[in-house]
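Shown next, in structure tokens, is the structure this report addresses.
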Amino acid sequence: MKTTVILGKSGLEVSRIAFGTWQLSPRFWGEVPRADVARAIRAALDLGINFFDTADAYGDGLAESVLGETLKPVPRDKVIIATKVFNHFSPDGTRYPDLSPAHIRERCESSLKRLQTDYIDLYLLHFYDQLTPLDVVAETMEDLKEQGKIRHYGVSNFRIEELRAAVAAGNFSVLQPPYSLIDLEAEQSLFPFCLANGIGVMIYSPLHKGLLSGKYKGTETFHDFRRHHPDFQGERFRMIAEAVGRLAPLAAHYGLSIYQLVLAATLTHPAIHCAVIGVKTEDQVREAAGALGKTVERPDYFTIRRTLDFGPPAKIKDATGTVK
């Protein structure tokens, strides 16, 4: 397996593992030391990871600021940066969807400042906005391209009909959906559509919020948002954790950790160009990078899928009411 890939028709050459920054959202993950994440970002660069994913919503700009400050000394053409737009942030702390042209332009300028860069490689719509026609959004994105402020644009968390509408409306070249080997919903219609239309796919949460990492016994309690997530509660949590643990002999056969085995298997799907991983420490990014270039044989791939077949995963809503 190559360690880099062309991200669909965007043409961007990215590492097959992308460094995600959602963990810099205190309301989801609690306080994560900025210095630890900065060290992890620098380690990622040394390990061949050139793709960094963030959003203005992560920590209300905190993630973009940390990423921008850390990457500032790095030659700009050596990294690919993706960020997202969607929320209108009110003074009282509430949010609401807003992909109107004026708001997109304002948020783009704010992201550029926080990221300390002149351009964004990939600008994603974080979610679908029911009130703004996609052709209007596409026109705004094209204007930003002409101004040199973004290079490419795409969507995140779109369902299949929303993605079809986006592709019909403009040059949306990338999709970022949730996907893991216990959350296979994207395979049903999104992946076939992307394969047929040259859409780059950068999945997020491939370890299902850490559940597939192999480090849980199913008896742990959590102090972040997972304390309310059904997949991390009771019998289902215990059963999944035990099943993940049963992958240890297969992981050892490949000379990998369970985390690396699951990540390598996930990247086997032909629709998936890269996987966005959440990283809090340097050790975590080193383990993730160990999956770069690794492959899993077809029989073992399906053994892993059978082992992790627990039916549809549970869904929860974040503070904005958005299903995660």
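For the options Gly61, Gly218, Gly234, a Gaussian network treatment of the chain with springs between C-alpha atoms closer than 10 Å singles out Gly234 as fluctuating the most.
Think of segment 142-249 as a dipole: +1 on every Lys or Arg Cβ, -1 on every Asp or Glu Cβ, centred on the Cα centre; then among His152, Met202, His223, His223 lies furthest on the positive end.
Only Lys, Arg, Asp and Glu carry charge here, each on its Cβ (+1 for the first two, -1 for the last two); on that basis segment 60-119 has a dipole of about 180 debye about its Cα centre.
Once fully extended, how much extra length lies between Ile6 and Arg227, figured as 0.36 nm per residue of separation less the alpha-carbon to alpha-carbon distance? Before the final figure, lay out the partial values.
Details: separation 221, 0.36 × 221 = 79.56 nm, distance 3.73 nm.
My answer for the length gained is 75.8 nm.
When you filter the GluC sites (Glu not before Pro) in segment 273-303 for DSSP loop state and at most 14 other Cβ atoms inside 10 Å of their Cβ, you are left with Glu297. The stretch between Met239 and Ala35 holds 69.9 nm of extra length on full extension. This uses 0.36 nm per residue minus the Cα-Cα distance. Label sites at Arg306 and Lys215, each approximated as a point 7 angstrom past Cα along Cα to Cβ, lie 3.0 nm apart.
Taking 10 °C and 1.306 mPa s as the conditions, I'd like the Stokes-Einstein D for segment 112-160 in µm²/s, using the Kirkwood hydrodynamic radius from alpha carbon pairs. If you can, show how the numbers build up before the last one.
Working: Rh = 11.6 Å.
So the translational diffusion coefficient is about 136 µm²/s.
Classify the chain as rounded, prolate or oblate, taking a ≥ b ≥ c as the square roots of the eigenvalues of its Cα gyration tensor: rounded when a/c is under 1.5, otherwise prolate if a/b is larger than b/c and oblate if not. Rounded shape, in that the Cα axes give a/c under 1.5. Charge dipole of segment 127-206 (Cα centre as origin; +1 on each Lys and Arg Cβ, -1 on each Asp and Glu Cβ, all else neutral): 220 debye, rounded to the nearest 20.
Based on Cα atoms of segment 271-315, Rg over Rh with Rh as the Kirkwood radius reads 1.03. When only the Cβ of Lys, Arg, Asp and Glu is charged (+1, +1, -1, -1), the dipole of the chain relative to its Cα centre reaches about 760 debye.
Based on DSSP H runs of at least 4 residues, each adding -39500 (n - 2.57), what is the mean residue ellipticity at 222 nm of the chain after dividing by all its residues, to the nearest 500 deg cm²/dmol? Could the numbers behind the result be given before it?
Values: 12 runs with 118 residues, N = 324.
Calculated from helices alone, the mean residue ellipticity at 222 nm is -10500 deg cm²/dmol.
Contour minus end-to-end for Gln147 and Phe89, with contour as 0.36 nm per residue of separation and end-to-end as the Cα-Cα distance? Result for the pair: 18.4 nm of gain on full extension.
No lab work stands behind these numbers, since they all come straight from the coordinates. All of these numbers come straight from a predicted model, not from anything done at the bench. Here Cβ is always computed from backbone atoms with ideal geometry, including for glycine, and neighbour counts include all displayed protein chains.
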